[in-house]
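Here the structure comes first, spelled out in structure tokens, and everything after it is commentary.
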Amino acid sequence: MKKYLGKKIFIYLITFFFAVTIDWAIPRFMPGDPIQMLLSRFQGMEGGREIIQAQITASFGLDRPLLEQYFNFWVSLFKGDLGTSIYAFPKPVMDVINQAIIFDILLLVPSILLSWIAGNKLGAFSGVNKKADKYMMPFFYFLTSSPYFWFAVVVVFFFGVQLPWFPISNAYSATMRPAFTIDFILDFLHHWFLPFLTLFLVQLGGWAIGMRNMIIYEMGSNYSKYMESLGASEKLIRKYAFRNGVLPQVTGLAIRLGNIIAGALTTQIVFSYPGLGFILLKAIQNQDYFLVQGCFLFIIIFVLLANFTVDIIYMFIDPRVRFSYSGEV
Amino acid sequence: MAKSEFWKKHENLYFAVTNGKVIFGLIVFMSILALAIFGPMFAKYDYDEFAGPGYMPPSKEFWFGTTLMGKDVFTRVVFGLRSTFLVGFVGGTIATFVGLIIGFLAGYYSGKLADETLMMITNIFLVIPTLALLIILSAYLPYRGILSQSVIIGLTAWTWTARAVRSQTLSLKNQEFVNLSRISAAPVTKIIAEDIAANMFSYVFMVYIIQFTGTILAAVSLEFLGLGPTQGISLGLVMQNAVNWNAIQLGLWWWAIIPGLLLTILIVSLYFINTGLDEVFNPRLREM
Amino acid sequence: MKIHWKVLLGVLLVLLVSTMAFSYERNETLVYGGGLWGAPTNWNPLTPWGEVTGTGGLVYEYLFHYYPLTDEYQPWLAVKGEWVTPKVYEVELRKGVKWTDGKSFTAEDVVFTFEVAKNNALHYSNVWEWIVSVEAVSPTKVKFVFGDEPHYQEWKNIIYDLRILPKHIWANMSPEEYLSTANANPVGTGPYMADSTGQDRMVWVRNDNWWGNDVFGQPKPKYLVNLVVNSNNVALGMLMKGELDLSNYFIPGVPKIKDTFGLTTWYKGKPYMLSENSALLFLNTTKGAMKDAAFRKALAFAINPEIIVERVFENQVEVANPTGLFGEGWMKYYDETVAEAYGFSYDPTKAIEILDENGFVDVNGDGWRDDKNGNAMKFEIIVPNGWTDWMESIKVIANNFQAIGINAVPSFPDYGIYMNRIQDGSFDMCINNFASSRSSTPFTYWNWVATDEIDGKLVTDGNYSRYDDDELFTLIDEFNRMQDTDKGIMEKASEIQKKLLTAMPSIPLWYNGLWAQSTSNVWTNWATEDNPTGYPCSWAGKMQFGFVEMLIELESAQ
């Protein structure tokens, strides 16, 4: 157990190192000049642009050799300093992300967990109920086949514009100011609902299908048949099938995280919902290295932590893993 | 491969062609494929041409209506479908191929350094969100064509395949017949190709279908973010255009809904085939 | 399960929110969007390229406002400004103006605003090349002394474009801070103050002690909520639902649905919007056939902008005249005879004629015209990827060129690459309009389309054509050194137009609009053609054209 855990942690650390290096490298080798971009649309006075350009470039340290920039990057990373955003100048990247990430968490965590739970339940139901399966399975397929943004646009049209039940953009009403009051929370939830629904439903399809198939496998497996012949109740067999079926769904959670984050990104853009999605897109369009790096770093850490958690959970619910991982089976 | 030989060898195919889900999926898939192949031949216009007045609902003249600017939606959709198939095909093939190789090797050499290294690489790729990587890589290329887009997606989408194939290989390689080959000192490539891969054929085929759909969906997301091909047309670009030009708010449902629906139906049909095949290859499911 | 989530949500919300309960009265609040494209982070008036829109205009004010529709200056922080001698400009300042921290606004503040650029590298530091001194003659009078040839035209621009700073605050800052401070609590003299910010909004609150209340009247909305709306389709949805009072987005379909949803635009009918800037096709004059003026002229005749205006913009913009000039401030120098004699309009036959005459014919028989030496020609027209209206426009232009036998293809690199290519000269043709915005003097336009700053490795100040003509540069420079009333200034302007039309380094296409749509659920009496009481533009750096005036004239719908 300890050996397994130690090995896992070591591998995660190395993964982290490489991921962060790639994170540092890629945006920096992107074509284009962020400073030019910042000033490109500025209708300045004659010759004014050159003066400030030199000033700003130096202040970002972009005139330093690459290796030095890389080294500095690690040093400041451990100090929790991700540099200053060029696009959201002069705000530190850390602040930009800190203030945005709460919206991502509020959208992602509930939608992932709830859709996982609901998807597994519905899928299990569909797996044992042939009649329901006929209608539910195509529906699940439809959900999981929809691109997030397209689903979002359709949802906006029906539940935001045609039936004006929900607001279609931003995180809370224009007349609201964040406060810990019932009014604000209700208003916030009102705005939160449609983007949440989009993420929830599209993800739901995938989980349901996975569970449905697993249940059918398990129900047909030898141990189920054996239990049946022993006279175990159908309910008990289902319970065991579900328990076994859940295992791969846990792994699926880790594997699909990247995909879900991408879905959240496009969904947030459709709803003009604040969060890392829009910031990341803007940062890329404006070649704001520091911000791009910062956003990725957070995403990487989030995915790594989630994967790690899943690994640990898995270790507890399925001891076989510990051995299979090192091929000792 | 000669067909008669194939029939004899694969009784599974009998189940495949009699499986309702497979038949349904195949019919839908083939119809859409036919639309992509033959549709452009019936198109009267160029996909970027102002074919008629704007805001036209579907009619005899414009089968899928026209866009706000008067471009023919049918033409755009069928040309877009072609690219979408291309993306799925190229991207899906690359992703499956890379995933298979890495998964097989890692699985075969499980526990050894090669396995550790390969799985490490896989995990790194898994951790860096694919879409994020795509966004960056896409911005790299001065111009993005449909082909380069599919290659990029393919090269980033293989990770789960590698993981899945690895564990499949793990369970297979300890079975008797593989051990037999190993004892008879057959070369690794031969063992992987003949014993392991052959026995995983059905699995690989289903993986391919999922990679195919995954690539298409990833491409569509990229296109929506404005990071799709900068030249040419694809279903995602038609949809992105429709969204950007307010097709939904302006009531041009034929422009906004038809391409998205077609895409969704295409992917659903593939899932149907996949589920159907699953039942074929795993007789337990057939009983359902 | 549910309760569990509510608890978590609650905990997270606590982290998110402050503890004060508050909401803005909807009927006291103006909700608008179009000028804010990300979480507000910068209120520094010395970095106008990055400031949150409203920093200039709502908080920091200008000496004058400029009304582009009547070409008039409205004294603002100044009450009077005049050239007392050809080299001395005197400004009489308004009395009783206070900074929002209670200190009085004086001539010292104006002097400081200029002086600070003398010793520090700021975007307007160059004025010191032609200004000799700025001094406070009295607490309400500033005297500007100029060198030999004052840049009269540039000066006309500066007096309504330079945000006046409070000396008592900025003098205490270190020079490094001038460009790097976020200035999160901006202290200005203007009608609004920063109230609160969110990830997707900036809220301003009315300054009830604003000096202008007694002079012009009080702006009606107590709060201004500037929302970040990511895309025009969301903006349109919000307009349909009445969630947005004013939108400054280009929204396809507005002509079609404006009456159904009761949207107000400046003009009731075509072209719906005011013009805001000229969009031009820049031809890289350092490359191949584009070195040839006759060839460039032929291209101008080949383009059919009517199609673009009609199809792409649904008549929300107007076709540009051959000089690219528009608006009262510029049109007074527009020379119709020159435009007619040397101008162009869509005429493919004429284009073909010019090409044939000048030897641009198909030599190798591939169906495309070749250059004078018989070499094949191929051109690429670029606009940034995702700029959908421009993307459609260059498809039309490429078709127009192909129709007269010129092999041109549209191409859409990402914005960063587009910028790189127009700046380092590795492009053939591109559309651009970045600094051709409405102003009080055509100098700003000419100095951009034909700036002489083209010798560096990168060209960043306009003239992406890299058209090198010292005579033209001198003419523009001389124009800058003349007053509107000077004898011969009209001739100078005509000569510039004639030169640009003969050389044709860039082709004016259409006037991009001042996109503005408003709803009447909460606020009415919007500034329109029939009610020209302001300028419905919330874009950064343009509020002195009449945004505040519009707010004063608004009426509550209740």
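Coordinate-derived values only; no laboratory data. In this text the structure is predicted, and so the values were computed from the model without any measurement. Quick reminder, even Gly has a Cβ in these numbers, built from the backbone with ideal geometry, and neighbours come from all protein chains shown.
The peptide list C:514-526, C:162-174, put in order of mean Cβ contacts within 10 Å with the highest first, becomes C:514-526, C:162-174.
Principal-axis analysis of the Cα atoms of chain C puts helix C:2-16 at an angle of about 90° to the longest axis. Relative contact order of region C:64-170: 26 percent, from C-alpha pairs under 8 Å at least 6 residues apart in sequence.
Between C:Gln483 and C:Lys141, the FRET efficiency from the beta-carbon distance, with R0 = 30 Å, is close to 0.90. Taking the longest Cα principal axis of chain A as reference, the axis of helix A:289-317 is set at about 20 degrees.
When Lys and Arg each count +1 and Asp and Glu each count -1, what net charge do the other residues less than 10 Å away from C:Gln544, Cβ to Cβ, add up to?
So the surrounding residues net to -1.
Cα centroids of region C:318-366 and region A:72-91: 51 Å apart. Per-residue shielding of A:10-21, expressed as the average number of other chain Cβ atoms within 10 Å of the residue Cβ, stands at 3. Averaged over the residues of peptide C:191-203, the number of Cβ atoms from other protein chains lying within 10 Å of each residue's Cβ is 4.
Backbone phi angles across region C:346-352, fed through the Karplus curve with coefficients 6.51, -1.76 and 1.60 (θ = phi - 60°), yield HN-Hα couplings of 4, 7, x, 4, 4, 4, 4 Hz in residue order; Gly and Pro are listed as x. Spatially, region A:228-247 and region C:240-278 are offset by 63 Å when compared through their Cα centroids. Among the listed pairs A:Lys225/B:Lys112; B:Lys21/B:Lys190; C:Lys220/C:Lys268; B:Lys60/C:Lys256; C:Lys268/C:Lys395; C:Lys291/C:Lys378, a Cα-Cα separation exceeding 26 Å is found for A:Lys225/B:Lys112; B:Lys21/B:Lys190; C:Lys268/C:Lys395.
Segment A:Ile105..A:Glu68, full-extension length gain: 9.9 nm, with 0.36 nm per residue of separation and the alpha-carbon distance subtracted. Mean per-residue shielding of peptide C:233-246 is 6, counting Cβ atoms of other chains within 10 Å of each Cβ. The simple spin-label model puts a point 7 Å past each Cα toward its Cβ; for C:Ser104 and A:Tyr240 those points are separated by 9.3 nm. Within the protein assembly as shown, antiparallel bridges make up roughly 80 percent of the DSSP beta bridges whose residues both belong there.
Cα-Cα over 31 Å: which of C:Lys80/C:Lys118; A:Lys79/A:Lys282; C:Lys143/C:Lys222?
Violating the 31 Å limit, Cα to Cα: C:Lys143/C:Lys222.
For chain A, modelled as a GNM whose springs connect Cα atoms under 10 angstrom apart, the maximal fluctuation among A:Gly258, A:Gly231, A:Gly275 occurs at A:Gly231.
Among the listed pairs C:Lys332/C:Lys499; C:Lys87/C:Lys167; C:Lys297/C:Lys499; A:Lys91/C:Lys542; C:Lys332/C:Lys492; C:Lys156/C:Lys487, a Cα-Cα separation exceeding 20 Å is found for C:Lys87/C:Lys167; A:Lys91/C:Lys542.
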